[in-house]
Amino acid sequence: MSYEIIGISVLWIFLYGYLIVASIDFGAGFFAYYARVTNKDHLINRLISRYLSPVWEITNVFFVFFYIGLLGFFPDAAHYYGSAMLVPGSIAIILLAIRGSFYAFENYGSKKNIVFLFLYGATGLLIPASLSVALVLSEGGFIVAANGIVTLEYFKLFTSPLTWSIVGLALTSVLFISASFLAFYASRADDKPALKLLRSYALFWSTPTIIAAFTAFLYLSQYNKRHFQNMMDLWWLLGLSVVFFLITLGLLYKGHRYGLAFISLMLQFLCAFFAYGIGHYPYILDPYITVQSGATQEAMGIALIGAFIGGLVLLIPSLVLVFRLFLFDADYVKGKK
């Protein structure tokens, strides 16, 4: 296996980690605001606050690793994506800053302010929407490069059904992942009122998520036939994703073993996410950057692989420790400490 394939595989693992961890965070913001406006905040907002307090600062670690690694392994990505993503990327950075400000104000007692809570909830949806544009651009046809100048065709981007199908999939996935995890967290806390509400959220968002997934798959088949056919060749991964989705839905419907339901959900997205990534190979940005042509020098690539694998080895135990000390500590989840 070449160093380029190992490098992109490591980066894809980091991006998958960000997908799961950030989705829980982003969705929690939306649910906190929605519960407030529907007068149900007394049921779940303390639970959400207990989850966010120890983990909000480490949510973006996976994304930082992925972003730095992408530019290190594939320097051309900085030129193409840096120019094309200037507007959506800047919007995402501003939204992340607003979200970080909410955490600071919340810690100083402003969490009852409806304006801050609205910004917290809105950014939970707008950030994944803006970041998902990068996946749309990677399919090709939206970026034009001529004489060293990279331009993004905004009209084509915003009028493409593929764009809105992927944005819709990002939003529904965030809410489904977050509600499923928070339901599991509520079951650990033995908080039955919160569990009942969050379970209903998870069940509700499961249907839009699978519809959005099939819709995005349909538009991808029309827009990028090569990518679609490559994914069809990985039918077994897509089939496993559907099976894990049905397992998650069945466990949520029956209302027990929420931990197993969330593990099944993670495996569902793992299969679908890697089917998408493998199907995209060899392109990072179709047709300008491929894994082989865009890779850095071999010596640098090998050094980066060692550094990022070392970072992964350190990051995972650290997350496990945080989860054991806070999120899965019986007294902490029940609000006793």
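The values are calculated or read from the model by the stated rules, or taken from the named source; none is laboratory data. This structure is a prediction, so every number in the text was calculated from the model and none was measured. Methodologically, a virtual Cβ is constructed for each residue, glycine included, from the backbone with ideal geometry; neighbour enumeration extends over all protein chains shown.
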Where a residue in the range 171-184 is closer than 10 Å to Phe262 by Cβ and its partner, wherever it lies, is among the polar types (S, T, N, Q), with Cβ under 6 Å and at least six apart: Ile177/Ser23
Complete set of residues in the range 191-214 that are assigned to a helix (DSSP H, G or I), in contact with a Leu (Cβ under 8 Å, 6 or more places away or on another chain) and either small (Gly, Ala, Ser) or surrounded by 19 or more Cβ atoms within 10 Å (Cβ to Cβ) (or both): Ala194, Leu197, Leu198, Arg199, Tyr201, Ala202, Trp205, Ser206, Thr209, Ala212, Ala213
Residues satisfying the stated conditions in the range 250-277, i.e. assigned to a helix (DSSP H, G or I), of a type in the set (Gly, Ala, Ser) and more than 19 Å from Leu234 (Cβ to Cβ): Gly250, Gly259, Ala261, Ser264
Within the range 12-39, tally of residues that are out of contact with any helix residue (DSSP H, G or I) (no Cβ under 6 Å at 6 or more places or on another chain) and farther than 27 Å from Leu70 by Cβ: 5
Residue within the range 170-181 that is modelled with pLDDT of 90 or more and within 26 Å of Pro287 (Cβ to Cβ) present: yes
Matching residues in the range 141-166 - criterion: being under 17 Å from Leu218 (Cα atoms) and either aromatic (Phe, Trp, Tyr) or part of a strand (DSSP E or B) (or both): Trp164
Boolean, Leu198 is on the phi < 0 side of the Ramachandran plot and within 19 Å of the chain's Cα centre (by Cα): no
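I want to confirm something. Restricting to the range 24-46 and keeping residues that are hydrophobic (A, V, I, L, M, F, W, C) and over 24 Å from Ile263 (Cα atoms), which single residue is surrounded by the fewest Cβ atoms within 10 Å (Cβ to Cβ)? Don't jump to the end; show me each part of the working.
Of the residues in the range 24-46, the ones hydrophobic (A, V, I, L, M, F, W, C) are 24, 26, 28, 30-32, 35, 37, 43-44.
Restricting the remaining residues to those that are over 24 Å from Ile263 (Cα atoms) gives 35, 37, 43.
Numbers: Ala35: 22, Val37: 12, Leu43: 19.
Per the criteria, the residue is Val37.
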Restricting the range 1-47 to residues that are closer than 30 Å to Ile278 by Cα and of a type in the set (Asp, Glu), the residue that is modelled with the highest pLDDT: Asp25
Residue among Leu135, Leu119 that alone is surrounded by fewer than 21 Cβ atoms within 10 Å (Cβ to Cβ), under 22 Å from Phe63 (Cα atoms), modelled with pLDDT under 85 and under 21 Å from the mean Cα position of the chain (by Cα): Leu119
Evaluation of Leu240 against (1) surrounded by 13 or more Cβ atoms within 10 Å (Cβ to Cβ); (2) farther than 30 Å from Leu47 by Cβ; (3) of a type outside the set (Asp, Glu); (4) modelled with pLDDT under 90 (one fails), failing number: (4)
Tally of residues being without any contact (Cβ under 8 Å) to a residue 60 or more places away in the chain, among the hydrophobic types (A, V, I, L, M, F, W, C) and in contact with a His (Cβ under 9 Å, 6 or more places away or on another chain) across the range 136-154: 0
Per-region count, the range 150-186, residues among the aromatic types (Phe, Trp, Tyr), closer than 28 Å to Leu86 by Cα and under 18 Å from the mean Cα position of the chain (by Cα): 1
